[in-house]
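Single-structure report; data block below.
The values are calculated or read from the model by the stated rules, or taken from the named source; none is laboratory data. These figures come from a predicted structure and were not determined experimentally. Here the Cβ positions follow ideal geometry from the backbone for every residue, glycine too, while neighbour counts run over all protein chains shown. The protein model used for the area step is the full one, side chains on, heavy atoms only, and it has no ligands, DNA or RNA in it. Shrake-Rupley method; radii C 1.70, N 1.55, O 1.52, S 1.80 Å.
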Amino acid sequence: MERKVYLDSAATTYVTNEVLNEMMPCYNIFFGNPNSIHSFGREAQGIVDRARDRIAKTINAKSEEIYFTSGGTEADNWAIKGIAHAYANKGKHIITSQIEHPAVMESCRALEKEGFEVTYLPVDKYGVVSLAALLHAIRKDTILISIMAVNNEVGTIQNIKAIGKTARENGILFHTDAVQAYGALKLDVEDMCIDLMSFSSHKIYGPKGIGALYIRKGVRIANLLDGGHQERSKRGGTSNVPAIAGFGKAAEINARDLMVNSQRMKSLRDYFIKQVTEKIPYVIVNGHPQQKVNSIVSISFELIEGEAILLMLDFEGIAVSTGSACTSGTLERSHVLSAMGIDDETANGTIRFSFSRSTTKADLDYTVEKLVDVVEKLRKISPQTKSGRKGE
C-alpha cells in the first residue's frame, strides 16, 4: 500500500473526531433554525451561543463581539470594506502590507477603484513589516491599518502588539488577518490592541465554510451582506449550525492543547530543517529564523521548479504546496517572496511544508528520503546553472 504523508496543513486541516461528534447531532437532532422561536429553534440557538462563547474565550473577547462568516476570506472582505464604508467621512486612506493574503489585497484594490488610497508597506528579507515604515505612512486621513498576524506562505510572525498599540495611539482602527495565527499562537485582542480580527475553522481541525470576524464593541462597520436579523443584524443568512458547533469545539480543543502542540511542532520543524539542509545542497529556508510559527517551513530549492517537485512528491504520496492554497492554481510567482526580495528563479523553486498534529518523525524521514531523490533527478535535467556549471 502506498504511503500517504500530508504536509499541507496550512492549506487545510482534517476534522477531528471530537469535532465531528459535536457536529453530527446538529444535522438530524438539533436541526432547527436558530431564528425560529419554537423549541427546535431555541435548541439550535443555544448551540450557536455556546460556540460563540467558546471562541470568544480563546481570544479574550466578549461573546457579542464574535460574528460568524463563511470563512476567512469573507471576514477579511467585511473588515476592510465594512470599515472603509463606515468611516469614509473621516478619511479614505488605508495601510496594509505587500505580503497580505489575496482576500486582503483584493479587497484593498477594490476600494482603490472606489476612490480610497492604499499604502502597501514593504517588508524586509524575512517578511517583517517595519514599525518605522508604518509610522511614516500614517496620515491624518488614515482610517484603517490591516496587517496579518502570520504569513501563510513563510510563517513569519508580525509584531502585532506593537502595530496595534501604534494604531491605537494614533486613533486608527487595526485589523489583523489571523487565519494562520489562530491555532498557532496565543492571541489576546485586548492585550494586542486589536479592533477587528479574521479567523477560520478549517485551519484548526474544524469544518470548512465557517469563520469569524471579531469586531470590538463600539466599532462601526457597514454590512457586507444584507438580509435577515442574523448576527445581530450585521450579517444576514441562516446560521450554519453544524459548522458553528464544530468551530466552537475546535477552538476550545485548540486553546486547551496549544502549548503542547506548539512544542511538538517546533521539534518536528527543527528536525526537518536540519535534515533537509544537511542532505540537500543549494537550499534556502525562507522567513524569519526565530519569529515564525512552528508549523510552516518554506524552502527554496535552487536550480529547479517547485511545481515539478510538488508533482513528483505527490507521486510518492506526499502532499505539499508551492505557496498558499489560494494561488496554487495559478502560474503567477509568489507576491510574498517577491516582496521579500527573492529573485524569480529561487522563488519558482519554493515549496511550503506545513505540519499537523498527526505528523510524525517517520513521516518527515520518508519525505526527506524522497525529496533527496526528487531534487537530484530534477537537477540532473535542469537547464539552470550555478557558478557556470550544470546544476547537480
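Centre-to-centre separation between the Cα atoms of segment 1-48 and those of segment 113-172: 35 Å. At 24 angstrom or more along the helix axis (alpha-carbon based) and mean Kyte-Doolittle of -0.5 or higher, what helices does the chain contain? Whole DSSP H runs only. Those that pass (Cα extent of 24 Å or more, hydropathy at least -0.5) are 241-279, 361-380.
Antiparallel as a % of all DSSP beta bridges within the chain, to the nearest 5? Roughly 55 percent of the DSSP beta bridges within the chain come out antiparallel. Hydrodynamic radius of segment 16-59 by the Kirkwood approach over all distinct alpha-carbon pairs: 11.1 Å. Computed from phi, the 3J(HN,Hα) profile of segment 13-29 under the Karplus parametrisation 6.51, -1.76, 1.60 (θ = phi - 60°) reads 9, 7, 8, 6, 4, 4, 5, 4, 5, 5, 7, 4, x, 6, 8, 9, 10 Hz, with x in place of Gly and Pro. The 3J(HN,Hα) values that the Karplus relation (6.51, -1.76, 1.60; θ = phi - 60°) gives for segment 216-225 are, in residue order, 4, 4, x, 7, 7, 8, 6, 5, 8, 10 Hz. Gly and Pro appear as x.
Only beta bridges with both residues in segment 168-271 are counted; by DSSP, about 55 percent of them are antiparallel.
Distances over 18 Å make up what percent of all Cα-Cα pairs in segment 89-232? Tail of P(r) above 18 Å: 57 percent of Cα pairs. Only Cα sites of segment 167-305 enter the Debye sum here, all with the same form factor; the resulting log10 I(q)/I(0) across q = 0.15 1/Å is -0.92, listed in q order. The modelled label-to-label distance between residue 109 and residue 266, using points 7 Å beyond Cα along the C-beta direction, is 3.8 nm.
All distinct Cα pairs of segment 59-134 go into the 1/r average, and the inverse of that average, the Kirkwood radius, is 13.9 Å. Residues whose amide H falls under 5 Å from that of residue 119, counting only those 5 or more places apart or on a different chain, are 94, 95, 96, with hydrogens built in the peptide plane.
Accessible surface of residue 109, taken over heavy atoms with a 1.4 Å probe and every protein chain present, rounds to 100 Å². In the context of the full set of protein chains, segment 175-309 has a per residue accessible area of 38 Å² (1.4 Å probe). As an equivalent ellipsoid, the chain spans semi-axes of 37, 27, 17 angstrom, where each value is the square root of five times an eigenvalue of the C-alpha gyration tensor, largest first. Estimated purely from DSSP H runs of n ≥ 4, each contributing -39500 (n - 2.57), the mean residue ellipticity at 222 nm for the chain is -12500 deg cm²/dmol once divided by its residues. Ligands, DNA and RNA aside, residue 85 has an accessible area near 90 Å² when probed at 1.4 Å. Note that segment 39-150 presents 40 Å² accessible area per residue, ligands and nucleic acids not counted, probe 1.4 Å.
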